[in-house]
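What follows is a short report on a single structure.
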Amino acid sequence: QVQLAESGGGLVQAGGSLRLSCAASGRTFSVANMGWFRQAPGKERDVVAKFRWSAGSRVFEDYADSVKGRFAISGDSAANTVYLQMNSLKPEDTAVYYCAARRGPDRDFDSWGQGTQVTVSS
C-alpha cells in the first residue's frame, strides 16, 4: 500500500558526496517511520540511518557506527520524503541503498523501495 521510490545514487570518488531521496506515496504516514538500509553483494541488508524515540517521545536520528559523522538523515513531512546526505564517502560504502518504512517505532520495517546503487571508487 505504501510505495517508496529512491533516487540520487551513482558513481562517486572516495571523499565525495551524494544525496539520496526517497518519496513515499500511496498512503500518508510519518516520515519518522522511514529509514535507510544498504546491502553489498553477498552481505545482509543492514540499517544505516533511521529515527528513534526517547522516553519523552522526542525523535532523534540514529546511525550505524560505520557512517556516524558522515551521513545525515532528514525528512520533509509535507512532501513525505526522507533524505540521506552522504559525505566523505568510502569504498566500503558501496552498496545498493534502500529506503524503508514501518508502521511505528517498535515495528519491523516492512515496506521497501527498489534500491539505488551507490558506488564509491578508490
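The values are calculated or read from the model by the stated rules, or taken from the named source; none is laboratory data. For clarity, every value in this text was computed on a predicted model and none was experimentally measured. When we count neighbours, we look across all protein chains shown, and the Cβ atoms used for this are built from the backbone with ideal geometry, even at glycine. Note: accessible area is taken over every heavy atom of the protein model, side chains too, but ligands, DNA and RNA are not part of it. Shrake-Rupley method; radii C 1.70, N 1.55, O 1.52, S 1.80 Å.
Brief remarks follow.
- Just one of the listed residues (Arg45, Arg38, Arg52) is open to solvent by 90 Å² or more (accessible area, probe 1.4 Å), touching a strand residue (DSSP E or B) at 6+ places or on another chain (Cβ under 8 Å) and touching a residue at least 24 places away in the same chain (Cβ under 8 Å), and it is Arg52.
- Filtered residues of the stretch 3-34 (kept if open to solvent by less than 30 Å² (accessible area, probe 1.4 Å), among the β-branched types (Val, Ile, Thr) and farther than 21 Å from Glu61 by Cβ): Val12
- Search result, residues across the stretch 65-81 that are open to solvent by less than 60 Å² (accessible area, probe 1.4 Å), out of contact with any Asp or Glu (no Cβ under 8 Å at 6 or more places or on another chain) and among the hydrophobic types (A, V, I, L, M, F, W, C): Phe71, Ala79
- Whether a residue is in contact with a Lys or Arg (Cβ under 8 Å, 6 or more places away or on another chain), surrounded by 14 or more Cβ atoms within 10 Å (Cβ to Cβ) and not polar (S, T, N, Q) was assessed, and Asp62 passes this test.
- Close pairs from the stretch 66-91: first over 20 Å from Leu11 (Cβ atoms), partner among the aromatic types (Phe, Trp, Tyr) and open to solvent by 40 Å² or more (accessible area, probe 1.4 Å), Cβ under 9 Å, at least 6 apart: Gly69/Tyr63; Ala72/Tyr63; Ala72/Tyr83; Ile73/Tyr63; Ile73/Tyr83; Ser74/Tyr83; Gly75/Tyr83; Asp76/Tyr83
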